[in-house]
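Visitor: Supplied in structure tokens, the structure appears directly below.
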Amino acid sequence: MKNRIAAIVSIALITIMAMMAGWIGLIRLTTPSIQANWTRGLYDRKIAAAHQIDGPRIFLIGGSGTHYGYSGADITRLTGLQTINFGIHAGLGMPYLLYRAKKVLRSGDFAVLIIEVPLNFSTTPTTVLSEFVLRYDLRYLLDVSLKDDLSLLFGYTPLDFIAGWARSRIPWTAEIGRPETVGTNGDETLEVSHIQTPADRSNLLNAGPMPTWPVDPNQPPPPLQDFFSWATKHNVRFGIAWTPLLEKSDYKTLKYENFYHDIENWYKINGGVVLGNHDEYNQPPENMFDFIMHANEKGRKAASQVLARHLSEVLTVQ
Amino acid sequence: MLFTTPQFIFLFLPICLIFVGLAIRFTGMKGGFIALSLSSIVFYAQWHLPDVLVILSSIAVNFTVAYLLSSPKTKHRFPILFFGVAVNILALIYYKYTNFILTNFGYSAINIILPLGISFFTFQQIAFIVDIYRGDVGKIVFSNYAVTVLFFPHLIAGPLIHYKAIMDQFERNFSVKLTNIVYGFSIFTVGLAKKLAIADPIAIIINPIFQKSQVAPLEFFSAWAASLGYTAQLYFDFSGYSDMAIGIGLMFGIVLPMNFNSPYRSTSIIEFWRRWHITLSLFLRDYLYIPLGGNRVPQVRWYTNLLIVMAIGGFWHGAGWNFIIWGGLHGIYLVTNHIWRRNIPNKFRENYILHPIYWAITFFSVIFAWDFFRAPTIHSAINIIKYMFCIRNASLPGEIGLFTHIKNGHPFGILYTGTGITFPNLCSILVYLIFGYAIILMCPNSEKLTGVRSKIIGAAPPHTFGLRDVAQAMLVGALLWIAAFGVFGAAPSEFLYFQF
């Protein structure tokens, strides 16, 4: 009887593995979703840009807030150090953004972590990441825990697949969401203010302030702590700057000051530098695009100047 | 703790099986009952700790009533039975219907938390004391009684069980064996896949349509998507839960009664109620319909009995007029069906050529009634049904017009302006409905699929490991794989019948 049960269990397990292999094969053979395609294109172009540079580089690491919010070219011009905008898609989550950054960074580089604040407080894999990993980066599965492996393997559901397939049938005519607009420093070159719609503007003006989360100032999230250790070991300096955020009076209150201060402390206690106050990076509505963390070209320029100034101070001192 | 969560599947269930298995081995059957009761209390306490007091009080009161009823010294048995039934019904009214009554009389609602599964365990205990009163149940022991009520696989949403039938099984078959676990797990997997791979994805698409129906007119295709989608969702959700309950029951050697038998294949409403939520139908028949006189009364009273029973059945599901309307509609359907049976000659009723028409009438009658069951308000249900017949209001996503080059207004005045369901949602719901209804209408149901009842406890397994076993193992693997998307990939969603 035991042999019989062992046979049943074995066949069931083999079936699960075969179904999973077939599923991954199906995903990889079909047209990617718009966001997966955009994300892959961003990585390809930004990594290629990074490899073009010899010597130390400044890396701006974050999600789309960094992609739209900073200009590597401006910072290069203002600091004299080659800067790569490594802002990708916040939907990938902080652990994956840092995982990919580690693959490009090398000794002597300076990593400016401009991670969207909410990403510090949710490190479970998302559907966006699951699709991206299953399509393009299966090796990532070897780098995470079994729990995250299961979330990644089963996080992109048949329903997501059907809806993504349907969306991919629709010709993508928008100017944004295209990797082709990425410039030599990994920057977004599109002047997004020209394509802002009245709905975008209305959403922006009606948006509430970003929420806060409980923070232990002495305990960074594990992926961030891992990155700090890795960077120290590999002679990569690091610091924190902030995503340009739609300005609100709330952010000047003690509650937000303490919140930001606690996050900065994660970096300070691990040997990182704080590149200015969060409030310096916030932008008025006319400098923003379609979301409270997406700056337009004016916001991009303003935030880049602030960051370049603080970087120059740090680099001069060191 | 839902049956579909990793905490239940990988933590609670294995620990519980080991705990109960060890208790049976070292302390005997009685120890096993106590271990299973304790485990069930832990399971129930996960939802809302104070509810444990409610269910334990209910067990204590009902056991006392049953004890008095079964005692040969008791003289006034009927008042005791009346008291027992009244206490159960009053408890149900207090927890479930107080706010309905208050708000209908213009008072504001008060804060009452509905204990999970109260409708189920209350009905089951009413059946128990009535059975004792009728003399259908002999000697009762508290630990035996408690375990039949608390038995966690059926505690929250059934199947409703009779004490005598289940106790016989506990006394004869209660055990934790590897064979039973494997067979039980196979049927559990079917339920898991029904719930997570079909019911939940459908809900993601149709829930916004039901929300919209409260405040705005619906579009033709959205209204049909909502109605057909919910009909499939409810079946896969509730029958999935029942399969999981039956599967877990089998792991302990207990065969819980079948609750669904391909109900949407029925060709009459009478047949539908013999196939849908079977244990509730039987309960309503045995403890309400027959005591009211059943069909052994004059015709008008018989039909009135049917209407009363179905309206009460509807009200049992939820404290709202929409549930009463749902029950009332089914009462009207049943009366119509009985009138039809009495007046139409057999050759028409049993003509197989006409069966597809009978099926269609039955199926669409059920669908319209589900709209009242699901919609948040009566207005919203009427909105959905109204626009299911309003082809003038039909609008498909613009992408369809783009791909097919069909001009607006062709055919039947359909516009390609996308005022209803979005293109990705339309594609998704079409895939899920085709897949779901193919299973509902063409595939064998869970019992036949897994052949579990033929392998029941104690029956010697065949000597050879045949192709059928290989196919079943592959099926279990495939179902586990598809269910894993719901277990690991998304936040768990409650079973629909937990609210009742």
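Just so you know, all these numbers are worked out from the coordinates, no wet-lab data involved. This structure is a prediction, so every number in the text was calculated from the model and none was measured. Glycine also receives a Cβ, built like all others from the backbone with ideal geometry; neighbour counts cover every protein chain displayed.
Visitor: For A:L205, put the label point 7 Å out on the Cα→Cβ axis and report which residues of region A:290-305 keep their amide N under 17 Å from it.
Guide: Output list for this probe position: A:290-292.
Visitor: Report the extension gain between B:V141 and B:R296 in nm, rounded to one decimal, defined as 0.36 nm multiplied by the number of residues separating them, less their alpha carbon distance.
Guide: On the way: separation 155, 0.36 × 155 = 55.80 nm, distance 3.66 nm.
Additional length available on full extension: 52.1 nm.
Visitor: Would you order B:V20, B:V297, A:V117 from fewest to most other beta-carbon atoms within 10 Å of each residue's own beta-carbon?
Guide: On the way: B:V20 24, B:V297 13, A:V117 19.
With the sparsest Cβ surroundings first, the list reads B:V297, A:V117, B:V20.
Visitor: Taking the Cα centre of chain A as the origin, how large is its charge dipole in debye, to the nearest 20, when only Lys and Arg (+1) and Asp and Glu (-1) carry charge on their Cβ atoms?
Guide: Values: 29 positive and 30 negative charges, 203 e Å.
Computed charge dipole of chain A: roughly 980 debye.
Visitor: Please give the contour-minus-distance gain from B:R341 to B:I112: 0.36 nm per residue of separation, less the Cα-Cα distance, rounded to one decimal in nm. Mind showing how you got there, number by number?
Guide: Working: separation 229, 0.36 × 229 = 82.44 nm, distance 4.51 nm.
Here the answer is 77.9 nm.
Visitor: Give, as ranges by residue number, the residues of region B:95-117 whose backbone N falls under 20 Å from the point 7 Å along Cα→Cβ of B:I382.
Guide: Taking a point 7 Å out along Cα→Cβ of B:I382, the residues of region B:95-117 whose backbone N falls under 20 Å are B:104-105.
Visitor: Run the reach check for A:K103 against lysines, Cα to Cα strictly under 22 Å, same-chain hits fewer than 8 apart removed. What comes back?
Guide: A:K46, A:K233
Visitor: Right, here's the next one. Given contacts defined as C-alpha pairs under 8 Å and at least six residues apart, what's the relative contact order of region B:195-449, whole-number percent? Mind showing how you got there, number by number?
Guide: Values: 307 pairs, mean separation 67.6, N = 255.
Relative CO of region B:195-449 lands at 27 percent.
Visitor: Peptide B:198-205: average number of partner chain Cβ atoms within 10 Å per residue? Could you put the intermediate results ahead of the total?
Guide: On the way: counts 0, 0, 2, 6, 1, 0, 3, 2.
Mean shielding count: 2.
Visitor: According to the square roots a ≥ b ≥ c of the eigenvalues of the Cα gyration tensor, what is the shape class of region B:219-355, taking rounded for a/c under 1.5, prolate for a/b larger than b/c otherwise, and oblate for the remainder?
Guide: On the way: a/c = 1.44, a/b = 1.23, b/c = 1.17.
Rounded, since a/c falls under 1.5.
Visitor: Also, I was wondering about something else. From other protein chains only, count the Cβ atoms within 10 Å of every residue's Cβ in A:10-18, then give the mean. Can you show the working numbers first?
Guide: Values: counts 2, 10, 14, 3, 3, 10, 9, 2, 4.
That works out to 6 on average.
Visitor: Right, another one. In nm, to one decimal, how far is the modelled label at B:N207 from the one at A:S10, with both set 7 Å along Cα→Cβ?
Guide: 4.3
Visitor: State which stretch of chain A is the longest one without any exposed GluC sites (Glu not before Pro), exposure meaning a DSSP loop state and at most 16 other Cβ atoms within 10 Å.
Guide: Working: sites that count: A:E175, A:E191.
With a cap of 16 other Cβ atoms within 10 Å, the longest stretch comes to A:1-174.
Visitor: Now for a separate question. What is the local net charge at A:F154, summed over the other residues whose Cβ is closer than 14 Å to its Cβ (Lys, Arg +1; Asp, Glu -1)?
Guide: Working: positive: A:K147; negative: A:E131, A:D148, A:D149, A:D160, B:D200.
For residues surrounding A:F154, the net value is -4.
Visitor: In whole angstrom, note down how far apart the Cα centers of region A:177-246 and region B:329-391 are.
Guide: 56
Visitor: Also: Modelling each spin label as a point 7 Å along the Cα-to-Cβ direction, I'd like the B:L178/A:I24 distance in nm, to one decimal.
Guide: 3.1
Visitor: Where in region A:189-212 does the amide nitrogen come within less than 16 Å of the point 7 Å from the Cα of A:E175, taken along Cα to Cβ?
Guide: Residues passing the 16 Å test: A:189-201.
Visitor: Find the centroid of the Cα atoms in region B:231-307 and in region B:102-142, then give the distance between the two in whole Å.
Guide: Spelled out, the Cα-based centre of one part sits 18 Å from the other.
Visitor: So, one more: Take chain A, connect every pair of alpha-carbon atoms lying under 10 Å apart with a spring to form a Gaussian network, then pick out the residue of A:I263, A:I162, A:I14 with the largest mean-square fluctuation.
Guide: Checking each option, the largest mean-square fluctuation is seen for A:I14.
Visitor: What average number of partner chain Cβ atoms lie no more than 10 Å from the Cβ of the residues making up A:146-159? Don't skip to the end; give the middle numbers.
Guide: On the way: counts 0, 2, 1, 1, 5, 3, 2, 5, 10, 4, 2, 11, 8, 15.
Taking the mean over all residues of the peptide, I get 5.
Visitor: Still on this structure, please answer the following. Could you order the peptides B:264-277, B:231-244 from most to least packed, using the average number of other C-beta atoms within 10 Å per residue? All intermediate terms of the calculation are to be shown ahead of the outcome.
Guide: On the way: B:264-277: 19.8, B:231-244: 26.1.
Answer by packing, highest mean first, reads B:231-244, B:264-277.
Visitor: Please work out how much length the chain gains when fully extended from A:F291 to A:H261, using 0.36 nm per residue of separation minus the C-alpha to C-alpha distance, in nm with one decimal.
Guide: Net length gain for the segment: 8.4 nm.
Visitor: Quote the relative contact order of region B:210-343 in percent (integer), defining contacts as alpha-carbon pairs under 8 Å separated by 6+ residues. Don't skip to the answer; put the middle values down first.
Guide: Numbers: 99 pairs, mean separation 18.6, N = 134.
Computed over region B:210-343, the figure is 14 percent.
Visitor: Also: Separation of region B:180-229 and region B:1-30 by C-alpha centroid, Å?
Guide: 30
Visitor: Highest mean first, what order results for A:82-92, A:202-212, B:88-98 on Cβ atoms within 10 Å? Walk me through the numbers on the way to the answer.
Guide: On the way: A:82-92: 25.5, A:202-212: 12.5, B:88-98: 16.4.
Per-residue mean Cβ counts within 10 Å order the peptides as A:82-92, B:88-98, A:202-212.
Visitor: Below 8 Å between Cα atoms, with a sequence gap of 6+, how large is the relative contact order for chain B in percent?
Guide: On the way: 643 pairs, mean separation 92.2, N = 500.
Computed value for chain B: 18 percent relative contact order.
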